[in-house]
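A short write-up of the structure that comes next.
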Amino acid sequence: MMKTLLCATLFCPALLSVSACSNDAPVSPETNHAVSDADEHYDDHDDHDDHAGHDDHDADEDLDGHDDHDSHEGEHADHVELSAEDAATAGIRIAFAETGQVSGQLELPAEIRFDADRVARVSPQVEGIVAQLHAGEGDVVTEGATLARLNSRELAGLKADYLNALSAERLALAELEREEELWEQKITAEADVQSARAAFSAADAAREAAENRLHAVGIGHGVLDRMDEAADGALAYAYVTAPMAGKVIQRGVSLGETVSAGGEPIFVILDDSVVWADIAVYKEDLASVRKGQSVTLQRGDGEVLAEGKISILLPVIDETSRTATARVIVDNADSALTPGQFLTARIATDQAQPVVRVPSSAIVSVQNRTSVFVPTDDGFEPREVQTGASAGDFSEITSGLQTGDAFVSEGAFTLKAQLEKDAFGDGHVH
């Protein structure tokens with residue numbers, strides 16, 4: 001009994017050591033032999049130690065093998081395996097990073113806007129009912145052209161007041177002339193002459209007041225001079241005219257509708273022969289932008305639509321977008337630009353410096369990291385880079401790529417697509 005207890009005490013640690021290495025690891029024949037000898041020769045401690053050491057060595061080998069497996073798994077970096085022949089067939093081209101000028105231009109978003117001095121919002125100057133419409137949306141009108149005719153009781157009343165005042169003034173003038181003639185003949189008293197002069201002055205003031213009220217609602221001298229000859233009912237005619245030449249871009253009334261002075265505009269006229277290009281300038285770029293710099297306005301496909309110079313740099317930074325506004329006044333006689341259109345503005349900053357640059361098309365986003373593809377022994381892998389300014393078809397690389405480093409100059413999107421395809425196919429990227 002004592003022998004059994006002693007053997008258990010001596011050999012339990014060795015068994016636990018073997019078990020701790022791996023639950024799935026089989027026990028070696030040497031270990032079984034050691035345990036058997038312990039039952040028969042409990043006092044042979046040296047043999048036990050040798051076998052225990054051998055078991056520990058086997059366990060270390062198992063652990064080392066596990067570490068090697070983990071290291072092998074860590075070697076699987078993101079990459080696309082592709083032979084040189086297949087790469088050439090796929091249109092993939094290799095180039096070497098070089099220095100060049102990039103930061104001499106800024107690429108900033110711009111929006112085409114109305115020239116505020118060339119927009120007219122036309123409202124009627126008297127209350128009335130729309131009787132005729134002479135222009136609609138899309139029509140091109142000249143300055144002074146009739147847009148609509150209203151029937152206005154208000155205008156008819158103003159014209160009647162003017163005609164009454166004009167008639168009273170004529171009578172007062174005739175009376176004054178008669179009294180002055182009698183005064184010269186010593187037939188009338190001087191007091192009568194003074195009274196006639198006062199009456200004429202009052203009548204003249206009343207006529208002038210009535211005339212000014214008509215001028216205030218847009219009635220000119222040409223209409224006033226012909227008013228005595230106006231056809232029956234024509235005194236109620238109020239004409240809405242165009243204050244400037246341009247295109248009608250909005251008409252807000254219909255026939256028979258009642259409109260009032262000071263209400264919503266019933267016509268909006270735009271002269272788009274000149275427009276504004278408002279450029280959003282980020283805070284970090286403000287130091288590089290100033291009045292007088294040349295600007296090229298381009299569409300998304302790179303087509304140049306207009307060129308100009310910065311005419312004003314507004315000093316206020318928008319609280320929402322955190323940008324300032326640089327404005328270019330653009331000649332748009334050919335109507336190539338449309339208000340509300342978004343373009344890319346290229347600003348020549350005159351601060352060009354040699355930097356490492358690559359074609360902008362070589363830069364892709366891989367797993368939300370800005371990257372370029374570089375060649376490896378068996379294919380290609382993405383390398384994260386930091387970008388700076390862009391100009392033309394090139395972008396500055398501030399880190400991640402040095403002059404002379406090989407990179408994929410054409411076909412980066414093909415490699416990215418293959419990388420994503422591999423990731424989707426087996427759950428991880430090769």
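The values are calculated or read from the model by the stated rules, or taken from the named source; none is laboratory data. Please read all numbers here as calculations on a predicted model, not as lab measurements. Please note: Cβ atoms are built from the backbone with ideal geometry, for glycine as well, and neighbour counts cover all protein chains shown. Just so you know, the surface numbers come from the protein's heavy atoms only, side chains and all, with ligands and any DNA or RNA stripped out. Shrake-Rupley method; radii C 1.70, N 1.55, O 1.52, S 1.80 Å.
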Next item on the list: Report the full-extension gain for the segment E180 to N368: residue separation times 0.36 nm, less the Cα-Cα distance, to one decimal in nm.
Entry: 57.7 nm
Notebook entry, point to check: How many angstrom separate the Cα center of region 295-374 from the Cα center of region 105-137?
Noted result: 28
Check: Could you work out Rg/(2.2 N^0.38 Å) for region 208-303, with Rg from alpha carbons only?
Finding: 1.88
Notebook entry, point to check: Given q = 0.26 Å⁻¹, what are the Debye log10 I(q)/I(0) values for region 271-342, with equal point scatterers placed on the Cα positions and solvent ignored?
Noted result: -1.24
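Only loop residues by DSSP count here, and only those with at most 15 other Cβ atoms within 10 Å; note down the GluC sites (Glu not before Pro) in region 142-188 that meet that.
When the GluC sites (Glu not before Pro) of region 142-188 are filtered for loop state and at most 15 Cβ neighbours within 10 Å, E143 remain.
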Check: Which FRET efficiency value, to the nearest 0.05, do you get for A198 and Q132 by plugging their Cβ-Cβ distance into 1/(1 + (r/R0)^6) with R0 = 45 Å?
Finding: 0.50
Next item on the list: Could you go through region 375-381 in sequence order and give the Karplus-derived ³J(HN,Hα) for each residue, using 6.51 cos²θ - 1.76 cosθ + 1.60 with θ = phi - 60°, rounded to whole Hz, and x for Gly and Pro?
Entry: x, 10, 4, 10, x, 9, 9
Item checked: Spread of Cα-to-Cα distances over 5 Å intervals beginning at zero, given as percent, for region 258-390 -> 2, 8, 13, 13, 14, 13, 12, 8, 6, 4, 3, 2, 1, 1, 0, 0, 0
Item checked: In region 266-375, the GluC sites (Glu not before Pro) that fall in loop regions by DSSP, at most 13 other Cβ within 10 Å -> E303, E319
Next item on the list: Round to the nearest 0.05 the FRET efficiency obtained for E98 and Q250 when R0 = 51 Å and r is the Cβ-Cβ distance.
Entry: 0.40
Notebook entry, point to check: Among all the lysines, which ones have a C-alpha under 27 Å from K291's C-alpha, if same-chain residues fewer than 8 places away are not counted?
Noted result: K283, K309
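Chymotrypsin sites (Phe, Trp or Tyr not before Pro) within region 325-386: which are DSSP loop residues with at most 11 other Cβ atoms inside 10 Å?
Nothing satisfies the criteria.
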Check: What percentage of the solvent-accessible surface of region 317-361, computed with a 1.4 Å probe over protein heavy atoms, is contributed by carbon and sulfur atoms?
Finding: 46
